[in-house]
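Here is the structure we will look at.
Values quoted throughout were computed directly from the atomic coordinates according to the rules given, and no laboratory measurement underlies them. It should be emphasised that the depicted structure is a prediction, and the values quoted were computed from it without experimental measurement. Neighbour counts run over all protein chains shown; Cβ positions are idealised from the backbone, glycine included.
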Amino acid sequence: MADPASPEPAAPAGSASPAPGPRLTRHPDFLKLWSAETISVFGTNVTQLALPLVAAVTLNVSAFEFGLLTTIEFLPFILLSLPAGVWVDRLPRRPILIGGDLGRVLTLGSIPVAYALGVLTIWQLYVVGFLTGCLTVFFDVAYQSYLPSLVDRDQLVEGNSKLEISRSASQILGPGLAGVLVGLLKAPFAILLDAASYLASALLVLWIRKAEPPIPAHDEATGPRPSMRTEAAAGLRYVVAHRWLRSIAATTGTSNFFGNISGAILVLYLVRSGLPAEAIGFAFSVGAFGVLLAALTTDRLTERIGVGRMLVLTAMGFCLAGLPVAVAPADGLFVAVALGGFLGGFCSVGWNINQVSLRQAITPTRMQGRMNASMRFIVWGTMPVGSVLGAALAELVGLRETIWIGAIGGLFAFLPVALSPVRSIVRMPAPAGDGEPIAG
């Protein structure tokens, strides 16, 4: 297989979209995938608050130890994303999804067991965070590569919008539920919900009946099969050389880097500023209404103003989302978290629905796994770097000052996409065919 470089879409960016297919609410297998994601993300949003609260409240760790937890959770996205993409392109994707779910049942389930036995330490949280991150890498790459094989290209925005509705609903209800559960049951036992949700998700994915397209066998006439390193490098070159994907990766990666400088210590900052767990969870839930609003309206807004303009406007919006917490006094943090969460949630979801759909639409089937893995490597790989820097800055200059650094740096993340040809895309384009030569 020739190494891909930078594909140009087979149809002009502004050409009319094909006639839409049946609505996905009548697509049985998509409904199973949607239900699986809904259950899973509800549990995940409980743990996203409960796990750091275990470190901050139950174990009373230092600022550096706390920030290091986030770093370790995202470290697999640097170490495993590229090889995961090769495996996802070589293997059926549904078994990877099921295995990722079941593995996370075991890793997360160990936390309440250890707590009940009185042996829970920050080191176990580090191990669980790392292993869960490894499983999430494979799950996420397979998940984004699986959707295009389940629905038609003209249904991708609708499909991603519906999946974001579930994610947004979980972000509204999950943190509030987590705050209540942490208050009633203690944080380690709240994580049991996430473990149970992954089991339910695995069973639903197992129930999907539509067969995946067969994985093409390697043609021995072309020579030995390329090594994993060669294929992983091809996927990375594909993203870096593509003028649209490159600018999307730069904006997302920059935003994630600065967002994690402040995000790594945000919960600790709120706890030490006097907000109880219930208030933190409720503030996140109020802010997440922006996520739900975006999930419900992005499809129509994109149709009205175009894919490119929607990407630029939402990028500009989430770049401002860190400012409310940075400027707020201690007695205004609840409102600031809710306001920043609303703005960031609305714009991030609008951005994600369109950029993920664009990536899926323009990438040939043979490259889906490696493209998604390479994007994850670039945009999630900045997270642990930002997190460890945020943890170190919190020790050196203080928690509030670190929040300011993240907020100011994030203001400029929109520039790569705003200055790129992405802004002129009107309709979702078609991919280059699998057999077509790819222009450099």
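Assuming charge only on the beta carbon of Lys and Arg (+1) and of Asp and Glu (-1), the dipole of the chain about its Cα centre is about 460 debye to the nearest 20.
Report the full-extension gain for the segment E401 to L419: residue separation times 0.36 nm, less the Cα-Cα distance, to one decimal in nm. Please list the in-between numbers first.
Working: separation 18, 0.36 × 18 = 6.48 nm, distance 3.03 nm.
The E401-L419 span can extend by a further 3.5 nm.
Using only alpha-carbon positions, what ratio does the radius of gyration of the chain give when scaled by 2.2 N^0.38 Å?
Details: Rg = 21.1 Å, N = 440, 2.2 N^0.38 = 22.2 Å.
Compared with the compact-globule rule of thumb, the chain sits at 0.95.
Relative to the longest principal axis of the Cα atoms of the chain, helix 93-117 runs at roughly 10 degrees. Any idea what % of Cα-Cα pairs in segment 179-323 are farther than 22 Å? It works out to 69 percent of all Cα pairs. Measuring nothing but alpha carbons in segment 122-169 and taking Rh as the Kirkwood radius, the Rg to Rh ratio lands at 1.17. For helix 399-410, report the angle its Cα long axis makes with the longest principal axis of the Cα atoms of the chain; keep it between 0 and 90° and round to the nearest 10°. Compared with the principal axis, the helix lies near 20 degrees.
By the rule of a C-alpha distance below 16 Å, with chain neighbours fewer than 8 residues away ignored, the lysines paired with K210 are K32. Taking the Kirkwood radius as Rh and the Cα radius of gyration as Rg, segment 222-283 has a ratio of Rg/Rh equal to 1.33. Report, in degrees rounded to the nearest 10, the 0 to 90 angle that the Cα long axis of helix 307-319 makes with the longest principal axis of the chain. Value to nearest ten degrees: 20.
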